[in-house]
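Undergrad: Sharing a structure below in structure tokens format, with a few things to ask.
The values are calculated or read from the model by the stated rules, or taken from the named source; none is laboratory data. As the structure is a prediction and not an experimental result, all values here were calculated from the model. Positions of Cβ are backbone-derived with ideal geometry, glycine not excepted, and every protein chain shown enters the neighbour counts.
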Amino acid sequence: MEIFFLGTNASTPHKYRFLPSIVVRRKGKLFMFDCGEGTQYRFLRSGLGVNKDMKIFITHMHGDHYFGLPGLIQTFALLGRTKPLHIFGPRTLGDVLKNFLEKTGVRISYSLHFTPVEEGVIIEEKEYRIKAFLTSHTITNFAYIIEEKDRPGRFNRKKAEKLGIPRGRLWKKLQQGYPVKTLSGRIVRPEEVLGPPREGIKFVYSGDTRYSEKLIEFSQKADILIHDSTFENKLRDNAIDSGHSTASEAAEVARKARVRFLFLFHYSSRYSEDLINLLREAREIFHRAFLSTDGMNIEIKKPDSNKVILLFRKLKF
Ligand SMILES: [Zn+2]
Ligand SMILES: [Zn+2]
């Protein structure tokens, strides 16, 4: 799994930061979370590809999180997208998109689908599921989770050979979790040749939110939590008034949810390029906290359930 931070600022565009948008790439498929104004530019510059299998998830109806959609939809058409595009979000987003398409007469070269989101599982696939749940903002805001399902444990070839199981069909059956019979008549159970099941990656994106107990509950043991961190501690009152979180509150959620890595996100425009105070305040509470930045690309590897490796790269926009 890879994460691309296309924009990390709150409310208005900033000299150093675009409006919120994150793309997760998994086995060639793209999952975009929020689409602030200007996202199409960052998306194209990232080389993510305009004709990929792609789904877009919008957290809420504040403009900084979805005003980039019309431009992105039109640009995809102009650049010849043919694959369907699925958008998920609050019900009113469906009306806005319908209006935009009808009133502007923009011609789309691909099929565009909209699904209103409700709490619970919104996508269930063989290898992963995507869930949504409500957080605590000034308007309805959905946080999203990508949850990879556990994979079977590693197959121990040497052991299988030692037990006299011929390579091929019987190996495959064991890998799929079925017992098999060797030539000598011995029954071999899958757990004899498979290691412990390997946990999948759990990714959580909060969207805009106040400190939320529910977020703690839903983020339990997530590998990655991307959390609203609009303000530093001394502006906690502003956070309360505007339905946002401080970096410390994001860290508190991460600590209580026992997540592996926290990425601070959605910074107030009052902050310059230097966000060190936010990071410092977060790390006082949760030391595996990082600042997300525009252009940050992270590859996440989980070779076994106890180990998560992050590889950081920087995209040139
Ligand atoms: Zn926002
Ligand atoms: Zn908002």
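Undergrad: For the stretch 119-127, check the following and say yes or no: at least one residue is modelled with pLDDT of 95 or more, more than 27 Å from residue 1 (Cβ to Cβ) and not charged (D, E, K, R).
TA: Taking every residue of the stretch 119-127 in turn, none turns out to be modelled with pLDDT of 95 or more, more than 27 Å from residue 1 (Cβ to Cβ) and not charged (D, E, K, R).
Undergrad: Give the stretch 1-37 a look and list any residue that's away from ligand 2 (no atom under 16 Å from the Cβ), assigned to a strand (DSSP E or B) and touching a residue at least 60 places away in the same chain (Cβ under 8 Å), or say none.
TA: Residues satisfying the conditions are 2, 3, 4, 5, 6, 24, 26, 31.
Undergrad: Now for a different question. Residues that are surrounded by fewer than 24 Cβ atoms within 10 Å (Cβ to Cβ), of a type in the set (Ser, Thr, Tyr) and touching a residue at least 12 places away in the same chain (Cβ under 8 Å): does the stretch 209-228 have at least one?
TA: Yes, there is a match, as at least one residue in the stretch 209-228 is surrounded by fewer than 24 Cβ atoms within 10 Å (Cβ to Cβ), of a type in the set (Ser, Thr, Tyr) and touching a residue at least 12 places away in the same chain (Cβ under 8 Å).
Undergrad: Output the residues belonging to the stretch 60-92 that are touching a Pro at 6+ places or on another chain (Cβ under 8 Å) and within 16 Å of ligand 2 (Cβ to nearest atom).
TA: 60, 61, 64, 65, 89, 90
Undergrad: Right, another one. Restricting to the stretch 239-275, name every residue that is more than 23 Å from residue 298 (Cβ to Cβ) and free of Cβ contacts under 8 Å to residues at least 12 places away in the same chain.
TA: Within the stretch 239-275, 241, 270 qualify.
Undergrad: When both residues are 6+ apart or on different chains and their Cβ atoms are under 8 Å apart, which pairs have a first residue that lies in the stretch 46-60 and is among the aromatic types (Phe, Trp, Tyr), and a second that is part of a loop (DSSP other than H, G, I, E, B)?
TA: As it stands, the answer is 57/34; 57/117, since those pairs meet every condition given.
Undergrad: When you check residue 315 against the structure, is it farther than 19 Å from residue 64 by Cβ, among the aliphatic types (A, V, I, L, M) and surrounded by fewer than 18 Cβ atoms within 10 Å (Cβ to Cβ), yes or no?
TA: Working: farther than 19 Å from residue 64 by Cβ: yes; among the aliphatic types (A, V, I, L, M): yes; surrounded by fewer than 18 Cβ atoms within 10 Å (Cβ to Cβ): yes.
It is true that residue 315 is farther than 19 Å from residue 64 by Cβ, among the aliphatic types (A, V, I, L, M) and surrounded by fewer than 18 Cβ atoms within 10 Å (Cβ to Cβ).
Undergrad: Collect the residues in the stretch 186-213 that are outside any loop (DSSP other than H, G, I, E, B), closer than 30 Å to residue 158 by Cβ and of a type in the set (Lys, Arg), keeping them in residue-number order. Write out each step before concluding.
TA: Taking the stretch 186-213 as the starting set, the residues that turn out to be outside any loop (DSSP other than H, G, I, E, B) are 187-188, 190-192, 194, 198, 202-205, 213.
Narrowing the set further to residues that are closer than 30 Å to residue 158 by Cβ leaves 187-188, 190-192, 194, 198.
Within the stretch 186-213, 198 is the sole residue that qualifies.
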